[in-house]
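The values are calculated or read from the model by the stated rules, or taken from the named source; none is laboratory data. Owing to the predicted nature of the structure, the values given are computational and were not obtained by experimental measurement. Counting neighbours? That spans all protein chains shown, and the Cβs are built from the backbone with ideal geometry, glycine included. Just the protein is used for accessible areas: all its heavy atoms, side chains included, with ligands, DNA and RNA removed. Shrake-Rupley method; radii C 1.70, N 1.55, O 1.52, S 1.80 Å.
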Amino acid sequence: MQGVIPNQLIQTMINAGEITARPAITSEQIQPASLDLRLGDVAYRVRASFLAGHGAKVSDRLEEFEMHRVDLNDGAVLEKGCVYVVPLMERLDLPADLAAVANAKSSTGRLDLLTRTITDGGTEFDRIAPGYAGPLYAEICPRSFSVLVRPGMRLNQIRFGRGDAVLNDDALRALHDVTPLVDGDAVIDEGLGFSVDLKLPETTLVGYRAKPHTGVIDLDNIGHYEPAEYWEEVHSSNGQIILDPGAFYILVSREAVTIPPDYAAEMAPYLAMVGEFRVHYAGFFDPGFGYADAGGAGSRGVLEVRCHEAPFVLEHGQVVGRLVYERMCEAPTQLYGAELASNYQGQGLKLSKHFKA
C-alpha cells in the first residue's frame, strides 16, 4: 500500500533486516513516522561538502576530501564553520519499491546545525533511492554554534515511503474541511501555507537571533544553557523586523498546525521570489503533532530562518513556507506527544531543548 511507513512497520523492517545497525536499534529511536539515526565513533573533517555521485562510494570520496579524523568516543567538538562527515550506525537494505527521505531533528535545526544525509551513489542530499543497500552518512556543518558530540547521538532522522502519497490541493482542502489543519483560514497552494507571527500577545518579543561568538554546546546537556549567552532577543512593536544577511533567527508561525493521525507532513521552502531568506532546516512533522487528543492543541511551527544576500523586511502574516502532507500507509500505533517524550508538543516560540525555559 502506498504511503509513509508508520512506527510498527519500521519495526517490521528492522526484524526483516531491511534496517540494521551496530549496536542494535533501540525502541527510543522509533518515532511515529520516522527512525532516528545515530552518529558513529569517528568524524571526518572535509574540505567541502560533497555528494558521492553515480557509481561512487562515500568512502572513496572521503579519501579525496578528508583533512583529518576526529575520534568521538570521549566526546569531541565539531567547530562552527567546518564541514564533517560522520558514518552512521544504521545501514539499509531496502526493497525495490521502498524509498526514504532524511531530515534534521527539531533540536538540530534550532541550533542551526546543518545536518544532511548522504549515501553511496547519491546525487541528492537527504534522498535515498528505492532499493538502496548500503551505509548512511551524516554531513554536519555547525553554522552558529560549535557543538560537543559523542557516538550514538541522534541529529537526523529518516522516513520511509512507498509510492507517491502527497496530498494534492483538492485533497488537502477536503481534509481541512473534516479536520481543521490550522486555526483560521487555510492558505492552500501546493501545500498548506504558513506565515510568521510578529505580533505575539502581550509582548514585543517575537524571536531570537544567534549571537556570533559563543561557547560550545554539549548536545547531551538538556535545559542547561542560559539563552542570553547564546541568543539576542528580537523585539518588534510594529509587526516587522529586518533580517540581517548571514544571521540565523528562531521565529514562530502565526498558525497553530495540526497533523492528523493518518498523515505526516514535511516543511518545504516557500517560493524564492518572496525574499532572500530560507526557512527551516528540520522539516518533519509527525502524526499527532498539534493534535488535540495527543495533547497538542495550539502547537505552532517554529521557523528556523537564515537571511541570504541582502537585508530583508519580514512582516507579520507574511507567508514564509508550506507544509506538504502525505498519507500514512496505515495509522501509527503511537502519536507525537502521546506517551512519547516529545519536547515540542503544544509549543509556541521556543528554543531547542538545550536551553533553560
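Scanning the stretch 92-142 for residues that are part of a strand (DSSP E or B), surrounded by fewer than 20 Cβ atoms within 10 Å (Cβ to Cβ) and touching a Leu at 6+ places or on another chain (Cβ under 6 Å) returns a single hit, C141. Restricting attention to the stretch 35-49, the residues that are touching a residue at least 40 places away in the same chain (Cβ under 8 Å) and open to solvent by 60 Å² or more (accessible area, probe 1.4 Å) add up to 1. Among residues of the stretch 99-117 that are over 15 Å from R127 (Cβ atoms), those with a Cβ under 6 angstrom from a residue that is open to solvent by less than 10 Å² (accessible area, probe 1.4 Å) and among the acidic types (D, E), sequence gap 6+ or separate chain, pair up as G109/E304.
What about A100, is it touching a Lys or Arg at 6+ places or on another chain (Cβ under 7 Å), at pLDDT 95 or above and among the hydrophobic types (A, V, I, L, M, F, W, C)? Steps first, answer last, please.
Values: touching a Lys or Arg at 6+ places or on another chain (Cβ under 7 Å): yes; at pLDDT 95 or above: yes; among the hydrophobic types (A, V, I, L, M, F, W, C): yes.
Criteria met by A100.
The residues on offer are A21, A52, A56, and the sole one that is more than 23 Å from the chain's Cα centre (by Cα), under 22 Å from I140 (Cα atoms) and open to solvent by less than 30 Å² (accessible area, probe 1.4 Å) is A56. In summary, R110 fulfils each of the numbered conditions (1) out of contact with any Ser or Thr (no Cβ under 7 Å at 6 or more places or on another chain); (2) at pLDDT below 95 with the single exception of condition (1). Scanning the stretch 225-264 for residues that are open to solvent by 30 Å² or more (accessible area, probe 1.4 Å), without any contact (Cβ under 8 Å) to a residue 40 or more places away in the chain and part of a strand (DSSP E or B) returns E232, E233, H235. The set of residues from the stretch 169-208 being among the hydrophobic types (A, V, I, L, M, F, W, C), open to solvent by less than 40 Å² (accessible area, probe 1.4 Å) and part of a helix (DSSP H, G or I) comprises A171, L172, L175. Exactly one residue among L349, L314, L335 is modelled with pLDDT of 90 or more, open to solvent by less than 50 Å² (accessible area, probe 1.4 Å) and either more than 17 Å from the chain's Cα centre (by Cα) or closer than 18 Å to K105 by Cα (or both), and that residue is L314.
Results for (1) among the acidic types (D, E); (2) out of contact with any strand residue (DSSP E or B) (no Cβ under 6 Å at 6 or more places or on another chain), shown as yes or no for each residue.
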residue: Q11; (1), (2): no, yes
residue: N15; (1), (2): no, yes
residue: A21; (1), (2): no, no
residue: Q29; (1), (2): no, no
residue: E90; (1), (2): yes, no
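Out of E326, E309, one residue alone is at pLDDT 90 or above and either open to solvent by 20 Å² or more (accessible area, probe 1.4 Å) or farther than 20 Å from E232 by Cα (or both). It is E326.
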